[in-house]
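Every read-out reported here was derived from the displayed coordinates using simple, explicitly stated rules and does not represent laboratory data. What you see is a predicted model, and the numbers here were worked out from it, not measured in a lab. Positions of Cβ are backbone-derived with ideal geometry, glycine not excepted, and every protein chain shown enters the neighbour counts.
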Amino acid sequence: MSGLKSALELSLERSDKLAPELKSQKKLTKKQKQEIAEIRNEYAAKIADRDVMFQEKMRKLPEQIPPDEVEAVKAELEKQFRADKKALEDEMEKEVARSRKN
């Protein structure tokens with residue numbers, strides 16, 4: 001029976017095979033963890049701010065443009081919001097990666 005492995009052991013072996021680069025990463029210091037948390041909080045606030053502005057634009061849209069153009073403009077605003085959010089998330093990940101290296 002000692003030859004049997006637990007589900008945890010099997011899972012850890014699989015994760016090592018799937019993402020060996022994770023195993024080679026160094027442990028983060030307390031300072032790095034704090035920096036990363038601050039970066040993530042900062043970008044979460046930026047994204048939330050953009051979301052609030054986006055929702056406000058969407059709410060005012062029917063008052064500002066002709067009804068037949070509302071759907072097209074909504075789609076364009078949504079596309080722009082998604083692009084902005086993605087850009088902020090990418091920027092955040094770059095800063096997190098920089099913090100991990102230091």
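Label-to-label distance, LYS101 versus VAL70, with points set 7 angstrom from Cα along the beta-carbon direction: 4.9 nm.
Computed about its Cα centre, the charge dipole of region 27-101 is approximately 820 debye, with only Lys, Arg, Asp and Glu carrying charge at their Cβ. To the nearest ten degrees, helix 7-18 and the longest principal axis of the Cα atoms of the chain are 70 degrees apart.
Using 1/(1 + (r/R0)^6) with R0 = 30 angstrom and r between the beta carbons of MET58 and LYS30, what's the FRET efficiency to the nearest 0.05?
Plugging the Cβ-Cβ distance into 1/(1 + (r/R0)^6) gives 0.10.
FRET efficiency for the ILE47 to SER6 pair, using the beta carbon distance and R₀ = 41 Å, is estimated at 0.55. Taking the three principal axes of the alpha carbon atoms in the chain, the coordinate ranges are 73, 36, 17 Å, sorted in descending order.
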